[in-house]
Structure formats: structure tokens, C-alpha cells
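Enquirer: First the structure, which I've put down as C-alpha cells, then a few questions once you've had a look.
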Amino acid sequence: MSGEWSPTLKELAKKPELLASGHRLCAGCAAGTIIRAILKAAWKPIVAVNATGCLEVATTIYPYTSWRIPWIHNAFENAAATAAGIARARDKLLRDGRLDKDYHVIAFAGDGGTYDIGIQALSGALERREKILYVLYDNEAYMNTGIQRSGGTPMAAWTTTSPAGRKIPGKIEWKKPIARIVAAHDVPYVATATPWQWRDLVVKARKALEADGPAFLHVLSPCPRGWRFDTNLSIEMARLAVQTCFFPLYEIVDGEKYVITGYSRSIAMNPKLKKPVVEYLKPQGRFRHLFKPENARLLEEIQRRVDYEWERLLKLAGYRS
């Protein structure tokens, strides 16, 4: 991987838009911004695989589509398997001289189709070292079907299947560490990103596409509808997620080398830049119940967990002994 490409806004603006406007993603949805940025990182033609979810439904309402590239919809559970089949066919046709142009294969899926329903197909593709890029756009619940909790939903978040009330304070389990789970397969490249730091996102997408084997991008996708914030605050939510270390930015190369990137690297160098987690939680209605006096302990518990995971990351990246 070269790691040297650092595009300017002007350079990216000149590249064609491969996801057309006019789609029906919700106002303020970050998914469209994320996908547009990732597609601009490519230098070859692209075949996209799209698991069932918000992105699929909103960009391909029959008989219309916003995709300006070859695109296939598959079920919730088999995005990685479909992408692997396309990649295998590509490689066979190239070897036989029946295809004169290489192309990228990118699978897009949400948290439901990645953390839960599709994790078996993803694990299989990683183990077989399929040459694909798998992109998780993580809005932290099954938003397309009614805001149900997923393995990617944060602890204490309200959803329709983990309601906050007198019996339970929202979801009672911690978010699954999906990046570490993927990295445990010893794949060439895993990274986290957000639409706030767009250059960090695009550069990581380019590195992922350059990887010699499967690559995985975990991109936080703020959701106004499910997270309960105003539609103009999506990028602000992504910013606060990084600045509080609720969602730090980093890479994992070859399953073991951790590199902290973007603003998270600034925090690693200067801990005073790290903001308290309440600044991220408070604007979101899904965490509103945490600010009742009886739930103060939960805020403390979440802050402790965020601090623990951040310190763990610092050790893995060599900032702590």
C-alpha cells in the first residue's frame, strides 16, 4: 500500500459522481456522503454489492436507481459471499484473457447486515482472503425496519426493541468490537473512519482498495431519525464521536499493527484535546434518559468504558508501555 495519496477537495470535485443525487435517503443521513467519498477513492471501474438496508432501499426504489456503476442487491446475510463470487469470476476471466479490464469489488452493508445477520459470510470471505473491500456504514441500529437494536448499538441507547424505561435503561449490552473481530482474521487492512474527517476517509478507502486481499472499513454513519438529533447535525455528531474517543480513528495493518490517525492522533499526542463523552451523548435523544438523576451511574460507566477502550488502543498503537 502506498499510503501517499492525499487528495485535495478540488481534485476530488473533478472526479465523477458515481452516486447520483435525487435518492431518498433521509434528510441529514450520513450514508450518502460516506458512499460518495469512498467511490471517489477508486481508480478502476467498480462493481458494488449492497446488502438490504437503508442505503439499498433509498437509492434503488423501482424503477429508479442512483447508482452510476454496476450494482447488485443481495439479502441481508450474504453481501460478502456475493462480492466474493464476483471477485472470483473477475479473476478467472482475467486469467483466461476473456476480460481486458480489472475492476474493484466493494460490498456495502449496515450494522445489522454486518454485526449480526451477515457476520458468517463476512468471516468466510476474510478467511478465504477474497480480494474485496467490505464497507460497514454503521448507523448503530436496524434503522430501515424501525430502529431495532443491533450488535452495533451502543450500551444504554434507546431503540424500539431496547426501550428506556423503569425496567431497563436502553440496550444493556456493549457494542460489539467489529474492527478487532475482523482484524483477528489477519487480513491486510482494517480501518475506522467518519464523514467528519473526509480526507482521512478517502485515503483509507484508497489504502483498502490497494490491499493485497480483503479489506474492511468501519465508518460511523450518524442517523438523525434513529439517534434523535436535528438533521443539520450529522457531521457534528461524527466530530464529537471522534473528539470524545467514543469512536476513535485508527488502522490495523496485517491484523496486528495499530496506527492511530486523524484527529485521534492529535488526542494521543495531546490528551487535553479529549472531550468528555457527555458532549457526544447529550445532543442525541436516544440517550436522553441518561441525564435523569437515577441514571447518573450509567454516564459514569460509559465514560469509564470509553476511557478503558481508548487506553487499550493507545497501548496497541505503542503510545503506552
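Enquirer: Normalised by the number of residues in the stretch 164-321, what is the relative contact order in percent for Cα pairs under 8 Å and 6+ residues apart?
Expert: 21 percent
Enquirer: I'd like to compare 242-248, 125-131, 275-281: which one has the highest average count of other Cβ atoms within 10 Å, and what's the full order after that?
Expert: Ranked from most to least packed, the peptides come out as 242-248, 125-131, 275-281.
Enquirer: I've got another one for you. For all pairs of alpha-carbon atoms in the stretch 1-86, what percent lies in each bin of width 10 Å, listed from the first bin to the last filled one?
Expert: Pair shares across the bins are 15, 45, 32, 8, 0.
Enquirer: Also: Out of all DSSP beta bridges with both ends in the stretch 8-151, state the antiparallel percent to the nearest 5.
Expert: Just about 15 percent of them are antiparallel.
Enquirer: Right, next: Within the stretch 17-50, list the trypsin sites (Lys or Arg not before Pro) lying in a DSSP loop whose Cβ has at most 15 other Cβ atoms in a 10 Å radius.
Expert: R24
Enquirer: Let me know the whole percent of all Cα-Cα pairs from the stretch 147-292 that are separated by more than 20 Å.
Expert: The answer is 52 percent, as a whole percent.
Enquirer: Follow-up. Pairs to check: K92/K131; K10/K274; K176/K204; K40/K274; K171/K292. Give those whose C-alpha atoms are more than 19 Å from each other in this structure.
Expert: From the list (K92/K131; K10/K274; K176/K204; K40/K274; K171/K292), the Cα-Cα distance tops 19 Å for K10/K274; K176/K204; K40/K274.
Enquirer: For the stretch 261-321 and the stretch 52-74, compute the distance between their C-alpha centroids and round to whole Å.
Expert: Between the Cα centres of the stretch 261-321 and the stretch 52-74 lies a distance of 36 Å.
Enquirer: Could I ask something else about it? Using the Cβ atoms and a cut-off under 13 Å, what net charge is assigned to the surroundings of I147, where Lys and Arg are +1 and Asp and Glu are -1?
Expert: Around I147, the surrounding residues sum to +3.
Enquirer: Under a 5 Å amide H to amide H cut-off, with H placed in plane at 1.01 Å, what residues pair with T159 once short-range neighbours are removed?
Expert: Result for T159 returns A164, K171.
Enquirer: Among V187, V306, which comes first, then next, by fewest other beta-carbon atoms within 10 Å?
Expert: By the 10 Å Cβ count, ascending, the order reads V306, V187.
Enquirer: Restricting to the chain, compute how many DSSP beta bridges are antiparallel as a %, nearest 5.
Expert: Looking only at bridges with both residues in the chain, the antiparallel portion is about 30 percent.
Enquirer: At q = 0.07, 0.14 Å⁻¹, what log₁₀ I(q)/I(0) does the chain have when each alpha carbon counts as one equal point scatterer in the Debye sum?
Expert: At q = 0.07, 0.14 Å⁻¹ the computed log10 ratios are -0.26, -1.10.
Enquirer: Report the local net charge at L19: Lys and Arg +1, Asp and Glu -1, summed over other residues whose C-beta lies under 14 Å from its C-beta. Kindly include the intermediate steps, with their values, before the conclusion.
Expert: Working: positive: K15, R24, R36, K40, R68; negative: E17, E56.
So the environment of L19 carries a net charge of +3.
Enquirer: I would also like to ask the following. Just to confirm a number: summing +1 for Lys and Arg and -1 for Asp and Glu over residues other than I35 whose beta-carbon lies under 12 angstrom from that of I35, what do you get?
Expert: Around I35, the surrounding residues sum to +1.
Enquirer: Determine, for R320, R98, R206, R286, the number of other Cβ atoms within 10 Å of each Cβ, and report the residues in order from fewest to most.
Expert: R98, R320, R206, R286
Every read-out reported here was derived from the displayed coordinates using simple, explicitly stated rules and does not represent laboratory data. Since the structure is predicted, the reported quantities are computational estimates derived from the model, not experimental observations. Counting neighbours? That spans all protein chains shown, and the Cβs are built from the backbone with ideal geometry, glycine included.
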